[in-house]
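The values are calculated or read from the model by the stated rules, or taken from the named source; none is laboratory data. Model, not experiment: these values are computed from the prediction. Virtual Cβ from ideal backbone geometry, glycine too; neighbours counted across all protein chains shown.
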Amino acid sequence: MYLQIDKFYLEIVTLLTMITALALSLWSARASHVVAAISSSLFILYGLYSGEFRVFYVVSGLVWLFSSTFSALHDRERWYSLTFSGTLLGIMITLLSQNYLEFLTGWELMTLFAYASIGVYRREWRPGYTFLAFGEVSTVLLIAGFILAYQETGTFLFHTLTDTLPLWFTTFGFTVKMGIFPFLVVEWLPIAHGNAKPSLSSVLSASMTLAGVYGIYKMMSLCPQTQALGGVLILIGAFSVLFGALYSYVSDHMKGMLAFSTIENNGAILTALGSLELSADPVLKAFAQFSLMVYVVAHSLAKTGLFLVTGYVHGESMSTLSTERSFSLEIGTTLLTASMSGLLPTVGGVAVWSLLETLFMESISVRGILGLIPLLAGVMVGMGEGFATGAMARFTSFTSLVRPRGGERGRLVLLIGVLMPVLALLSYLLSPEMAGAASLGMFSNSLIPSGYSGGSFGGISPLYVLIILPILSLITYLASGRRRVRTVDPWDNGSGRRLTYTSFGMANNIRLMLRFVLRTRKGAVETSADVFWRAILQLVRGYVRFSRAFSRAYMNSSISWYMIYMILAFIVVILVVFL
Amino acid sequence: MRIIGDLGSHCLTSEGLVEGPCKYSHPTIGEGGYGSFSFLYGPSAGGLLESVAFDILTYGESIEDVRALSYKTRHIKVGGLPLRDVLFKVERINVPFAASHTIAFLTAVENALGVSPPEEVVESRIAQLELERIRNNLLVIQRLAEAASFLVPTYRLLYYVEEVNRAISRSCGHRYFLGANYLGESRCQGLHLPRIDVEELRDLLSNRIFIDRLQGNGVVKEDWAIGPAARAAGFSYDARLEVPELKYRDHGFKIVTESKGDAFSRMLVRLEEIEVSLKILEGVEVKPRRFELPLREGRGIGRVESPSGDLAYMVQVEQGSIKELHLLPPSRINILLFLRSMPENIFTDFPFNWESFGIWISEAEVSIS
Amino acid sequence: MNWFLRGIRRGILTEKEFPQVQWPSELHRSKEGEVKCPTDALKEDRWDPNRCIFCRACEPILSPTGRSVQAQVKRSEPSFRRSFYLYPIDVGTCGGCNLEFRLIASPQHDMTRFGIFLTNTPRHADALVVMGVMTPKMEEVLRRAYDAMPEPKLVILLGVCAVSGGILGMPPDIRGDVVIPGCPPTPESILRALVEAKSGE
């Protein structure tokens, strides 16, 4: 039976449900979160019936579904449900927008609600200010780009453009929001210092930055190809991968390190976007498109899961936090970090592999000096992934594996974790091509090949790995049988002191080795990551000052005025959407 | 005047005893900030020859401060025992330095009784001390090579250590000089020199990877340092020049110094001293000899240059028994130097710096009553 | 590379026969007379190598034969025939046993030709080599090391201190499967005892 769903009505219902969630938040936080979860599910359904942007919709819907479910279980504050559902609504409007105005309205709504959410929590406004200041910088760049587009086409509707200038402007507007270097304070500061709640952190990190990716992707589809922008994006992206991963490796702040990891992932996505823009080869372009989509899926969902893990932990510092591990958290966190580390058979493995393949194929197929860019980027991404693996191993260990056992918590994390290998299988659906390699035991269509017009390059088979791993384990088990198990205390050189090592200590080798890059200060309380963001903050102090002046003049430094501003903005949005 | 170390309640200096204890500058004790923790190395770990533990304050990899924890403290009773039985115990305080301990102890007893041993005994003692120094310096360099997993030299050096042991065994009957010296007697018979190719050992200095581990590691500049650690820092401290009982000056002894004070300089000093010792041995004759020890009372100090620095005994003898006995083992000073030179290094530097001092826990942690 | 080439040029240095050592070696009575032994190693004319510190106080009534001191192997373990991993533990030595034990790895002795190796943790060890007199703080360390070892396991008491306490103290409170006397035992007698303990040639 073929189920015909009218997309338009589904869209309206989804939006109305989220608005209901927003309204309900005034009455009950839980009800609001439950309705937000329902709206997210409807959005996933809507996404499944969409064409080109299906992946963005489905992934965003899943992120919202998981984080609002988590909030429904754990969060009780009404102000929080208000700002949370408001942020979701903003992103939803952005993704559904049919023209530049709707897009901007959604964008602004998202920024403001997220700002309020960061600021209200713990009443610390500085991170919020910074967030807002960058939000406005981003908005200004977007408006500039959109106005240029309007001048060319005479309409606010998304329309094919012949000039690349709107793309340049908007792309930089979006990268500011994605927290790409050198704007990483946008991403890192509010999450680490404002200590946003886990569900909001995951929305900020996974979904809001995804909206930026969506924006660039959308503008790319409207504008003519520009190789220069491609090269620039690849370089900025790869640089962000390397430094995001490096700072994630040395950061001892639990959410801070995840935020840096997001910068790394966003960098990788930007690199994928750049390589899509750089290559003119249709076969290679299709593969770059594949790697972009897989990366979007892998990053958004794994990062959502990891931020939710932080909800089960007391404390913020990796070295001093306290928590208990459970079966669900152990398996879930391990699968999530395996995916983040780019290990097969998880979706992250497919993502990292395909991105590196794209870059290296481009380095041989793109002619001239431009071909060096993807080569350089490939090296940086490779190094970055190495740091990422180290950072993620530390995260799993100190949030779960080395902790005492207790309770049965974190089933939601387990669910998202199990999605990682499942999504690796689903990545076949996104692949432009499938092949077989019977000689290796990979039968028809179980291989995702990478290739360009000049020939084939490589291949990977998540299915093969997924099947062969348990089989090999089983064979080993059957062959050797269950051995006698002897439990002894770990050998602590006979001291009986149960030797321990801290998370800070695990990363200190890199802090010492790269002390000139990281500006490590010996014996200082702050981590080198803190030193880094202070340096960055100095660079952008102008922005922050501007934002303070701006917000004082504009909103009179009072929470009630922000609320009024938001309500007004909200009314405008409703009008724009429905008229 | 230089400080040598605490001997009983006094401070021994190159000019003799002064009211103690010796005045050392206080080290700055490292404090741990966020992320620091204490990491324990030892007491029983593969890389350590003896049982000892180090409590290392670290941020991970880095060494902010080190404390040594004693584990194998032996309590040895000597008070009121006849000299003979005390001698057997003194020989076994640190067997790798048995000649140094025994000769310092016997010198102290002879000084207490007002006796000067005959020429042959003095020559035999010089021979024993230099053979012991050669063996120990080879061992220290061997431990350094082993810490770097530099395996061919490691085993070449072990070969030489064994050769020296055999030479000692042929000369004195025991591989570690046990029973070679007795009250009023020296029992070594003839001198068998080990064949050591010093040029081969110098080849270690051409290995950049190896010497990188040693250079700049564990810099010692303290003026109260002793032995190879002091000489590596440019101080011309050597009991062989300062103590009148053993007539080193007659044997063409030349002091070896370096300037940097790091683990590499300490190794260089030990390497050169092997050659100096071999030279001294060329001009020494070893014959057994007895002499009379009178039954008197008295107090005396005996000091020798052990392979790792000044080693001194102070004894009070009454009617052929020990009334009081104090020991200044070189390892006690060297541990202080080691602990002070360790902060600001990283874990990897630890074994190289530790081995470069030639410390024996057995003598450092012994408690004598 | 220099070291490597020179190592080859020097040829094989490993020995089948080792040079005689006088002290310590098996003692025999060569004269009649009264001996004041500081460790009671001589009782009713019988010489007990497990108590002897070879201090030469009994010379010349007892004199050395030059024959390597015989170790007592009370239990050997055939499963260690091909590889025998040792974990040394020093519970209070003078350093002598540590050094002689180290020298069984010297090219002249080459313990590896008999399949004898050292390990850095008791969890991988087949035998625990105990050296020295018992010191209070090492008691717990010794027990932990013994508990950490997998079965089957051997305990080797190395040197007179570990066997009977010698002249300096009390022996550690642990039953030895292999007892190697000597002060310190020579590498030759250590090697012979180890080979016998692993049921070798």
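Details
- Helices (runs of 4 or more DSSP H) completely within region A:225-317 that count 3 or more residues being on the phi < 0 side of the Ramachandran plot and within 14 Å of chain B (Cβ to nearest Cβ): A:254-278
- Breaking point among (1) surrounded by 20 or more Cβ atoms within 10 Å (Cβ to Cβ); (2) in contact with a Cys (Cβ under 6 Å, 6 or more places away or on another chain), for residue C:35: (1)
- Filter pass, residue A:346 being over 12 Å from the mean Cα position of the chain (by Cα), more than 14 Å from chain B (Cβ to nearest Cβ) and crowded, with 24+ Cβ neighbours inside 10 Å: yes
- Within region B:249-275, being surrounded by fewer than 22 Cβ atoms within 10 Å (Cβ to Cβ) and hydroxyl-bearing (Ser, Thr, Tyr) holds for B:257, B:259.
- Residue among B:281, B:327, B:337 that is within 14 Å of chain C (Cβ to nearest Cβ), among the hydrophobic types (A, V, I, L, M, F, W, C) and surrounded by 19 or more Cβ atoms within 10 Å (Cβ to Cβ): B:327
- Check on residue B:227, closer than 21 Å to residue B:171 by Cα and touching a strand residue (DSSP E or B) at 6+ places or on another chain (Cβ under 9 Å): no
- Residue match in region B:12-21 (condition: under 22 Å from residue B:243 (Cα atoms), more than 10 Å from every other protein chain (Cβ to nearest Cβ) and assigned to a helix (DSSP H, G or I)): no
- Number of the exception - residue B:133 against (1) more than 14 Å from chain C (Cβ to nearest Cβ); (2) not in a helix (DSSP H, G or I): (2)
- Filter pass, residue A:44 being in contact (Cβ under 8 Å) with a residue 12 or more places away in the chain and not basic (Lys, Arg): yes
- Residue in region B:108-123 that is over 30 Å from residue B:283 (Cβ atoms) and either not polar (S, T, N, Q) or not in a helix (DSSP H, G or I) (or both) present: yes
- Cβ-Cβ under 6 Å pairs, at least 6 apart or on other chains, region B:163-189 side more than 18 Å from residue B:92 (Cβ to Cβ) and more than 10 Å from every other protein chain (Cβ to nearest Cβ), far side in a helix (DSSP H, G or I) and of a type outside the set (S, T, N, Q): B:164/B:134; B:164/B:135; B:186/B:121; B:188/B:172
- Among residues of region C:68-103 being in a strand (DSSP E or B) and within 13 Å of another protein chain (Cβ to nearest Cβ), the one that is nearest to residue B:90 (Cα to Cα) is C:92.
Conditions tested, residue by residue: (1) touching a Cys at 6+ places or on another chain (Cβ under 7 Å); (2) not in a loop (DSSP other than H, G, I, E, B).
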residue: B:144; (1), (2): no, yes
residue: B:152; (1), (2): no, yes
residue: B:162; (1), (2): no, yes
residue: B:167; (1), (2): no, yes
residue: B:176; (1), (2): no, no
residue: B:179; (1), (2): yes, no
residue: B:189; (1), (2): no, no
residue: B:192; (1), (2): no, no
residue: B:195; (1), (2): no, no
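- Criterion applied to C:133, C:179 was being under 17 Å from residue C:76 (Cβ atoms), touching a residue at least 24 places away in the same chain (Cβ under 8 Å) and out of contact with any Phe, Trp or Tyr (no Cβ under 9 Å at 6 or more places or on another chain), and the one residue passing it is C:179.
- Pairs meeting the criteria (first residue in region B:356-369 and under 14 Å from residue B:313 (Cα atoms) and more than 10 Å from chain C (Cβ to nearest Cβ), second residue modelled with pLDDT under 90 and assigned to a loop (DSSP other than H, G, I, E, B), beta carbons under 8 Å, at least 6 apart or on different chains) are B:369/B:79.
- Every residue from region C:40-60 that is more than 14 Å from every other protein chain (Cβ to nearest Cβ) and in a loop (DSSP other than H, G, I, E, B): C:44, C:45, C:48, C:49, C:50
- Residue list for region C:19-39, filter: closer than 20 Å to residue C:67 by Cβ, more than 9 Å from chain B (Cβ to nearest Cβ) and either small (Gly, Ala, Ser) or in contact (Cβ under 8 Å) with a residue 60 or more places away in the chain (or both): C:25, C:30
- Candidates are the residues of region C:182-201 that are acidic (Asp, Glu) and either in contact with a Phe, Trp or Tyr (Cβ under 9 Å, 6 or more places away or on another chain) or crowded, with 23+ Cβ neighbours inside 10 Å (or both); the one that is nearest to the other protein chains (Cβ to nearest Cβ) is C:188.
- Selection over region B:39-72 of residues that are surrounded by fewer than 16 Cβ atoms within 10 Å (Cβ to Cβ) and in contact with a Gly (Cβ under 9 Å, 6 or more places away or on another chain) gives a count of 1.
- Residue match in region A:485-501 (condition: surrounded by 11 or more Cβ atoms within 10 Å (Cβ to Cβ), basic (Lys, Arg), under 30 Å from residue B:60 (Cα atoms) and at pLDDT 80 or above): yes
- Residues of region A:20-65 classified as β-branched (Val, Ile, Thr) and closer than 15 Å to residue A:96 by Cα, total: 4
- Exclusive hit being more than 26 Å from residue A:509 (Cβ to Cβ), touching a residue at least 40 places away in the same chain (Cβ under 8 Å) and touching a strand residue (DSSP E or B) at 6+ places or on another chain (Cβ under 6 Å), set B:20, B:5: B:5
- Among the candidates C:168, C:154, C:118, residue that is over 27 Å from residue C:56 (Cβ atoms), touching a residue at least 24 places away in the same chain (Cβ under 8 Å) and buried (at least 20 other Cβ atoms within 10 Å of the Cβ): C:154
- Scan of region A:392-434 for residues that are outside any helix (DSSP H, G or I) and surrounded by fewer than 21 Cβ atoms within 10 Å (Cβ to Cβ), ordered by number: A:402, A:403, A:404, A:405, A:406, A:407, A:408, A:409, A:432, A:433, A:434
- Residue selected from region A:139-180 under the condition among the aliphatic types (A, V, I, L, M) and without any contact (Cβ under 8 Å) to a residue 40 or more places away in the chain, by the criterion surrounded by the most Cβ atoms within 10 Å (Cβ to Cβ): A:141
- Within region A:462-498, being of a type in the set (A, V, I, L, M) and either touching a Lys or Arg at 6+ places or on another chain (Cβ under 7 Å) or within 10 Å of chain C (Cβ to nearest Cβ) (or both) holds for one residue alone: A:488.
- Complete set of residues in region C:123-145 that are more than 8 Å from chain B (Cβ to nearest Cβ), closer than 29 Å to residue C:69 by Cα, of a type outside the set (A, V, I, L, M, F, W, C) and buried (at least 18 other Cβ atoms within 10 Å of the Cβ): C:126
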